[in-house]
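Everything below concerns the one structure shown next.
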Amino acid sequence: MLRQAVLLCGGKGVRLRPLTDTVPKVMVRIAGKPVVEYLVEKLEALGVEDIALVVSYKKEVIVDYFKDRVKYCEQAHPMGTADALYAAKGFVKYDKFAVMNGDLFFTDDLRWMHNEDPVVLSVYRVKDASQYGIVEVEGEVVKDIKEKAGKGPGLINAGVYLFSKDIFDALEHVKLSERGEYELTDAVKELLRRGVKVKAKELKGYWRDIGRLSDLEMVEGYLNLSKN
């Protein structure tokens, strides 16, 4: 069973301005609801009893919206996704918990999380992987995560994970990336270096990382089409 989940919600969303001048990235609305609300609803439907949001930029907007429906972990000085997850170390009680980037929209349900053992990295197949890091998979096992590649199809990191508490030790060994952040993918690569089996779970439905205004338009277009 899956009992706990952590959503990483500290990002500013610079490329989503002017919408993010007044709200954090995860609170930008799609079809009337904040992006992160869709994720919280998925976890609640799964029966996850303990959900924590890692907050930072304009955290009061998130707290005012969710109130005591979830718990909160504060990322005092945002330094990337690895830093965000480490802020939730004191929250995690069980040796199996979910982690998701809070700025995702996807249609797959998460029932598989109840039956899988950590570590699991979700992947998504795209026609052009040049703007993403590539996940190399053999069978159902992750072999490597590489930086942005050339144009062409490939499997990318979909931002949905199952971890054990071992991830926190790996996080302590992550170094600053070239863009000056501590990356969660580098912690996964640290696990791979240690010989930990990381399973790949391919998401098959609609998936979008909400990074730009154009991403919002695409998701809203998808939702409008799916209603008809």
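Taken together, the values in this text are just the output of simple stated rules run on the coordinates, not laboratory data. Predicted model, so just to flag it, every value in this text is computed and none were measured. Cβ atoms come from the backbone with ideal geometry, glycine included; neighbour counts cover every protein chain shown.
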Check your understanding: Can you list the HN-Hα couplings for segment 96-111, worked out from phi with the Karplus curve (6.51, -1.76, 1.60; θ = phi - 60°), rounded to whole Hz and with x for Gly and Pro?
Key -> 7, 8, 8, 9, 9, 5, x, 10, 9, 10, 8, 9, 4, 7, 10, 4
Exercise for review: Enumerate the calculated ³J(HN,Hα) couplings along segment 6-18 in order (Karplus 6.51 cos²θ - 1.76 cosθ + 1.60, θ = phi - 60°), each rounded to whole Hz, writing x wherever the residue is Gly or Pro.
Suggested key: 10, 10, 8, 10, x, x, 7, x, 4, 6, 9, 5, x
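In this model, which of 25/59; 143/189; 25/89 are farther than 20 Å apart at the alpha-carbon? Mind dumping the intermediate values first?
Values: 25/59 11 Å; 143/189 9 Å; 25/89 23 Å.
Violating the 20 Å limit, Cα to Cα: 25/89.
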Review point. Once you put a point 7 Å from the Cα of residue 44 and another 7 Å from the Cα of residue 29, both along the Cβ direction, what distance in nm separates them?
Key: 1.7
Review point. How long is the gain from residue 224 to residue 111 if the chain were fully straight, where each residue apart is worth 0.36 nm and the alpha carbon distance is subtracted?
Key: 38.1 nm
Check your understanding: ³J(HN,Hα) across segment 43-51 via Karplus (A = 6.51, B = -1.76, C = 1.60, θ = phi - 60°), whole Hz, x for Gly/Pro?
Key -> 5, 5, 5, 7, x, 5, 8, 9, 10
Check your understanding: If Lys and Arg each add +1 and Asp and Glu each add -1, what is the summed charge of the other residues whose beta carbon sits under 9 Å from the beta carbon of residue 81?
Key -> -3
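Determine one quarter of the surface area of the Cα convex hull of the chain, which equals its mean projected area, and express it in nm² to one decimal.
Numbers: hull surface 49.2 nm².
Computed as one quarter of the Cα hull surface, the answer is 12.3 nm².
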Revision key, fill the gap. Between residue 175 and residue 146, the FRET efficiency computed from the C-beta separation at R0 = 22 Å comes out, to the nearest 0.05, as 0.85
